[in-house]
1. With axes computed from alpha carbons, what is the tilt in degrees of helix 25-35 against the longest principal axis of the chain, rounded to the nearest 10 within 0 to 90?
2. Carbon and sulfur together cover what percent of the accessible area of segment 72-120 at a 1.4 Å probe radius?
3. Once the Cα gyration tensor of segment 28-116 is diagonalised, what are the square roots of 5 times its eigenvalues, in whole Å and ordered largest first, as equivalent ellipsoid semi-axes?
4. Taking the chain, how much of its Cα-Cα pair set, in percent, is spaced more than 25 angstrom apart?
5. For every helix of n ≥ 4 consecutive DSSP H residues, a contribution of -39,500 (n - 2.57) applies; sum these over the chain, divide by its total residues, and give [θ] at 222 nm rounded to the nearest 500 deg cm²/dmol.
6. Under the definition of Cα pairs under 8 Å and six or more residues apart, what whole-number percent is the relative contact order of segment 143-288?
7. Could you sort the peptides 89-100, 15-26 by per-residue average Cβ neighbour count (10 Å cutoff), highest mean leading?
8. Run the paramagnetic zone check for Leu147: 7 angstrom along Cα to Cβ, then residues of segment 10-37 with backbone nitrogen under 14 Å.
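The values are calculated or read from the model by the stated rules, or taken from the named source; none is laboratory data. Bear in mind that the values here come from a model prediction, so they are computed numbers and not experimental data. Note that we place each Cβ from the backbone using ideal geometry, even for glycine, and neighbour counts take in every protein chain shown. With ligands, DNA and RNA removed, areas are computed over all heavy atoms of the protein, side chains included. Shrake-Rupley method; radii C 1.70, N 1.55, O 1.52, S 1.80 Å.
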Amino acid sequence: MLNAGGLVGLPTETVYGLAARADIDVAVASIFRAKGRPTGHPLILHISDIADLDRYAHNVPSSALTLAQQCWPGPLTLLLHKTSAVSFLVTGGRETVAIRIPANECARQIIDQCGHALAAPSANLFGHVSPTTAKHVHQDLGDKVDLIVDDGNCTIGVESTIVDFTTDQPQLLRPGGFPAEDLESIIDQPIIMPSGESRAPGMLNSHYAPKCTVVLVHTIAEAKRALSEYDDARILDHWDNCPLYAASLYTQMRQADADGMTAIIAVLPDKSGLGLAIRDRLNKASLP
Ligand code: AMP
Ligand code: MG
């Protein structure tokens, strides 16, 4: 299906992807159409073997290579200088390309058998909550994909961490499934917060949003008080366990909408580890 230029819902450890062969322009264009995603929002290239990195990126700094060697397969995306093998359609016209190797075995086998990188954003409608089950993909894009590969629930549940290695100092473009402090200790170098205008187009302020209101609080006591202010509201589970919180976050958001809730009350975890990514997604989900 992929080699014929089709669109396939693909499981990864972070969220389900909407995959197409990155070297087939019409297939890549259909990703944007299916999602309703603006074409300036670049896609992540998914590869199955670190030996293919050179095919798609050049002048890879040694610290980026160290992370690739130690963290892949895994929820880490590296932003690098692209080679001519990467179409500008994938990068939204940029000279940089975002690349990762997913930890899902099934996804890697599919990429491997295609013999070319797959471009894959999250398999949800633009702006909506990311999918962490095959059923979520079907709900958003069932009539627009050729096939959905069902490999159960995503184990991480939030998108990959994106680190930009095309700048003087590595920058954290998106907190995600790989804790930034763990990356810093591997390369023994700080990963700084980007300043100025967003360098990760597609990281809009309002994003990952369910239909219901998302209320942010800092403690469970506050959450219980907030609960009484809404008719049909619920507190998100697992606020005290970040891996479980991340793994269930998008399912809980989608379930709240399916159950007709008016609000969900989310206790913000602290900023360490996976907490940073969860806070980022909750903040974006809470904006109108
Ligand atoms: P998604 O696949 O939905 O998680 O979105 C991928 C995100 O990766 C985009 O929205 C951007 O934030 C980021 N990204 C991908 N490629 C680039 C690039 N060349 N330059 C900057 N950011 C990128
Ligand atoms: Mg997305």
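1. The answer is roughly 0 degrees.
2. Here it works out to 51 percent.
3. Values for segment 28-116, descending: 21, 17, 11 Å.
4. 44 percent
5. Rounded to the nearest 500, it is -9000 deg cm²/dmol.
6. 29 percent
7. Top of the packing list down: 15-26, 89-100.
8. The answer is 10-11, 19-21.
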